[in-house]
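Novice: Structure in structure tokens, see below.
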Amino acid sequence: MQHVSLDSFELHYVDQGAGPVLVLVHGFPLDHSMWQGQIDELSKQFRVVAPDLRGFGKSKSNDDVVTMAQFADDIAALLDALKINEPITYCGLSMGGYIGWQFVLRHGDRLAKLIQCDTKAKADTDEARATRLKAADHVLEHGPETLIATMMPKLFAEENCSSQPDIVEATRKVMMNTAPSAIAAAQRGMAERPDVTDELSKINVPALILCGEHDAISPADEMRDIASAMPNATFVQIDGAGHMAPLEDPQAVNAAICDFLS
Ligand code: MLT
């Protein structure tokens, strides 16, 4: 991995391939490695940039709260550092998608196309927000085990848990190695993220809205509604996959992305 120095931390990233720029933004509490199946394949046609977000993976940082807007500004700062001035394709999963909405709103002039995987436009309910804030405090005090035990059963389609134990284990390992401070900071940032439902009709860039059939966190029906609310969006369901569709079925996800970008 390479890195650049941003305001208060070093942002580590993969930069592979040549061609139109495709930025892959990971979910919570993960790192760039969730996109390995996309990096390997799509870098044959695109310049793929996949960061470890502030606090995650190798991008160590020590913030109390990181908002989705701050993460989006970090992506823009990375593009500046790499002197990427051409409009890019932004592709985010789940938290990476929450950041994607903020990238659209704050850096829309840098965007050619948008890919939102397994994510939501709605803000947290009061109950979900309270649970997140409690989880943030718990992780800081006791470590990530409880959070991981709660999240793991929701990440993958049931069938893939038994047929692909390697990706389940690799994901658990990344989560275990994530700094509790980064988990807490992102939880607090997600808790205060705005509802962007009313913005969807104004997002005119071509968009691919992609969702695993069995996503237990961002249900496919909700993502279908997101696509319907956007003027220039296509919905693609990844059959048999759950919340981690790009990891569970990289071939189908890569085909959908290539189809969309060609
Ligand atoms: C993710 O996969 O990034 C998380 O499930 C997002 C969330 O906690 O809302």
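The values are calculated or read from the model by the stated rules, or taken from the named source; none is laboratory data. Owing to the predicted nature of the structure, the values given are computational and were not obtained by experimental measurement. So basically every Cβ, Gly included, is an ideal-geometry build from the backbone, and we count neighbours across all protein chains shown. What goes into the accessible areas is simple: the full protein's heavy atoms, side chains included, and nothing from ligands, DNA or RNA. Shrake-Rupley method; radii C 1.70, N 1.55, O 1.52, S 1.80 Å.
Novice: Would you mind working out the accessible area per residue for the chain, using a 1.4 Å probe, and quoting it in Å²? Walk me through the numbers before you get to the answer.
Specialist: Details: 10970 Å² over 262 residues.
Accessible area per residue: 42 Å².
Novice: In Å, what Rg and Dmax follow from the Cα atoms of region 170-262?
Specialist: For region 170-262, the Cα-based Rg and Dmax read 15.4, 40 Å.
Novice: Subtracting the Cα-Cα distance from 0.36 nm times the residue separation, let me have the gained length for Glu169 to Thr146 in nm, one decimal.
Specialist: Values: separation 23, 0.36 × 23 = 8.28 nm, distance 1.61 nm.
Here the answer is 6.7 nm.
Novice: If you don't mind, another one. Run the accessible area of the chain with a 1.4 Å probe and give the carbon-and-sulfur part as a rounded percent. Walk me through the numbers on the way to the answer.
Specialist: Working: 5340 of 10970 Å².
Exposed carbon and sulfur together represent 49 percent of the surface.
Novice: While we're on this one: Suppose a student asked you for the relative contact order of region 140-262, using Cα pairs under 8 Å spaced at least 6 residues apart; what percent would you report? Each step should come with its number before you reach the end.
Specialist: Values: 145 pairs, mean separation 34.8, N = 123.
Relative contact order of region 140-262: 28 percent.
Novice: Rounded to the nearest 20 debye, what is the charge dipole size of the chain about its Cα centre when +1 sits on each Lys and Arg Cβ and -1 on each Asp and Glu Cβ?
Specialist: Numbers: 21 positive and 38 negative charges, 107 e Å.
Around 520 debye, computed over the chain.
Novice: Quick one: which residues, 5 or more positions from Ile115 or on another chain, have an amide H under 5 Å from its amide H? H modelled 1.01 Å from N in the peptide plane, none for Pro or chain starts.
Specialist: Those qualifying (amide H under 5 Å, at least 5 residues apart or on another chain) are Tyr90, Cys91, Gly92, Leu208.
Novice: Starting from the 7 Å offset along Cα-to-Cβ, what nm value, one decimal, do you get for the label separation of Val4 and Ser162?
Specialist: Roughly 4.7 nm, to one decimal.
Novice: Taking N as the number of residues in region 1-147, what is its alpha-carbon radius of gyration divided by 2.2 N^0.38 Å?
Specialist: Numbers: Rg = 15.3 Å, N = 147, 2.2 N^0.38 = 14.7 Å.
Normalised by 2.2 N^0.38 Å, the Cα Rg of region 1-147 equals 1.04.
Novice: Magnitude of the Cβ-charge dipole of region 115-225, K/R +1 and D/E -1, about the Cα centre, nearest 20 debye?
Specialist: Numbers: 12 positive and 20 negative charges, 72 e Å.
For this selection, approximately 340 debye.
Novice: Looking at this model, which pairs from Lys122/Lys154; Lys44/Lys122; Lys44/Lys154; Lys44/Lys113; Lys134/Lys202 are more than 28 angstrom apart at the alpha-carbon? Don't skip to the answer; put the middle values down first.
Specialist: Details: Lys122/Lys154 19 Å; Lys44/Lys122 35 Å; Lys44/Lys154 32 Å; Lys44/Lys113 19 Å; Lys134/Lys202 34 Å.
As for pairs spanning more than 28 Å Cα to Cα, those are Lys44/Lys122; Lys44/Lys154; Lys134/Lys202.
Novice: When the Cα atoms of the chain are enclosed in a convex hull and the volume is divided per residue, what value in Å³ results?
Specialist: Expressed per residue, the convex hull around the Cα atoms of the chain is 109 Å³.
Novice: Got a sec to turn the phi values of region 173-190 into Karplus ³J(HN,Hα) couplings, 6.51 cos²θ - 1.76 cosθ + 1.60 with θ = phi - 60°, whole Hz, x for Gly and Pro?
Specialist: Taking θ as phi minus 60°, the curve returns 5, 4, 5, 5, 8, 7, 4, x, 5, 6, 4, 5, 5, 6, 4, 5, x, 5 Hz for region 173-190.
Novice: Please state the equivalent ellipsoid semi-axes for region 1-65: what are the square roots of 5 times the Cα gyration tensor eigenvalues, largest first, in whole Å?
Specialist: Details: eigenvalues 102, 32, 13 Å².
After diagonalising the Cα gyration tensor, the semi-axes are 23, 13, 8 Å.
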